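First up is the structure itself, then whatever we jot down about it.
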Amino acid sequence: MRDILLRVGGLIAVVVLFVGGFLLWDNYRNRKLQEASYKEYEIRKLLQAGNYKKAEELINSAPNSPMKPLLLSYKLYISEHSKESKVNTHEVLREITKSLKDRELLSLYRERYAYELFKEGKKRDALRELESIREEDFNYASSLLLKAQILKAEGKKEEARAVLKKIEEKSPNTYFANMAQALSLMGD
């Protein structure tokens, strides 16, 4: 009888420890998410006030969290709106594409990163980045426009024409089809 009580007591202790550990972990995780959320709120207020330097300092001091891609996108905002910012757009975009989980947003940032690579003269890397954008992604047509321009810049005019034709076929009567047609008419 005493042996059974010890076993049941031990089992109850293990269950209590397991449940307690889970609750502590959940509490810790929620607290960290709240802290990250509050920091994001502070950063957003600083950006709205035009205090880019302080906002950038807070972004750089922020711990890794699910908010990381959002905070990095704020860095891109700072780089576009602050003359004193020393944000490396290329590096920030690369970091966003590594940390972003949302498939649709990822395709958008991949296209933006490809454009940045193209501007830096890294055409092969830009094309490689564009290859990861799928036909079902919302920005597929715009990524094809960029791909055609890169191919044209590389001297691959026939491949560029084929891509432009594909845009016209896949997205008829749209802005992208009109742009593809205009680029086709512009010729070499």
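Brief remarks on what is shown
- The residue among Asn64, Val92, Leu105 whose Cα reaches farthest toward the positive pole of the charge dipole of the stretch 6-132, with charges on the beta-carbon of Lys, Arg, Asp and Glu, is Asn64.
- Pairs of Cα atoms nearer than 8 Å and 6+ residues apart set the relative contact order; for the stretch 1-154 it is 12 percent.
- Accessible area of the stretch 48-132 belonging to carbon and sulfur atoms, whole % at 1.4 Å probe: 48
- Between 0 and 90°, nearest 10: helix 52-61 axis offset from the chain longest Cα axis: 50
- Nearest-ten-degree value, helix 68-81 long axis tilted from longest Cα axis of the chain: 40
- Highest-fluctuation residue, Lys39, Lys54, Lys75 considered, GNM on the chain with Cα pairs under 10 Å: Lys54
- In this structure, the pairs whose alpha-carbon distance is over 22 Å, taken from Lys86/Lys119; Lys123/Lys152; Lys119/Lys170; Lys32/Lys86, are Lys119/Lys170; Lys32/Lys86.
- In loop segments of the stretch 116-188 as defined by DSSP, the chymotrypsin sites (Phe, Trp or Tyr not before Pro) with at most 15 further C-beta atoms inside 10 Å of their C-beta are Phe138.
- Length, then width, then depth: along the principal axes, the Cα atoms of the chain run 91, 45, 29 Å.
- Overall, the anisotropy analysis places the stretch 96-188 in the oblate class: the square-rooted eigenvalues a ≥ b ≥ c of its C-alpha gyration tensor yield a/c not less than 1.5, with a/b not exceeding b/c.
- Among Tyr52, Leu5, Ser79 - extreme Cα towards positive end, dipole of the chain, charges at beta-carbon: Leu5
- Cα pair distances in the stretch 106-155, grouped into 10 Å bins until the bin that holds the longest one, percent each: 32, 58, 10
- Here the sum of -39500 (n - 2.57) over DSSP H runs of 4 or more residues, divided by the residues of the chain, equals -26500 deg cm²/dmol at 222 nm, to the nearest 500.
- Cα-projected label distance for Lys54 with Ser37, points at 7 Å along beta-carbon direction, nm: 2.3
- Ignoring the sites themselves, the chain has its longest run without GluC sites (Glu not before Pro) in a DSSP loop having at most 16 other Cβ atoms within 10 Å at 1-83.
- Counting only Cβ charges, +1 for Lys and Arg and -1 for Asp and Glu, the dipole size of the stretch 1-81 around its Cα centre is about 100 debye.
- Cleavage-rule hits (trypsin sites (Lys or Arg not before Pro)) in the stretch 113-188: DSSP loop, at most 12 neighbouring Cβ within 10 angstrom: Arg134
- Computed from the C-beta positions of Asn178 and Arg128 and an R0 of 25 Å, the FRET efficiency is 0.35 to the nearest 0.05.
- The charge dipole of the chain, taken about its Cα centre with unit charges on the Cβ atoms of Lys, Arg (+1), Asp and Glu (-1) only, comes to about 340 debye.
The values are calculated or read from the model by the stated rules, or taken from the named source; none is laboratory data. Model, not experiment: these values are computed from the prediction. Because the Cβ atoms are built from the backbone with ideal geometry, glycine has one as well, and the counts that use them run over all protein chains shown. SASA here: full protein model, heavy atoms, side chains in, ligands and nucleic acids out. Shrake-Rupley method; radii C 1.70, N 1.55, O 1.52, S 1.80 Å.
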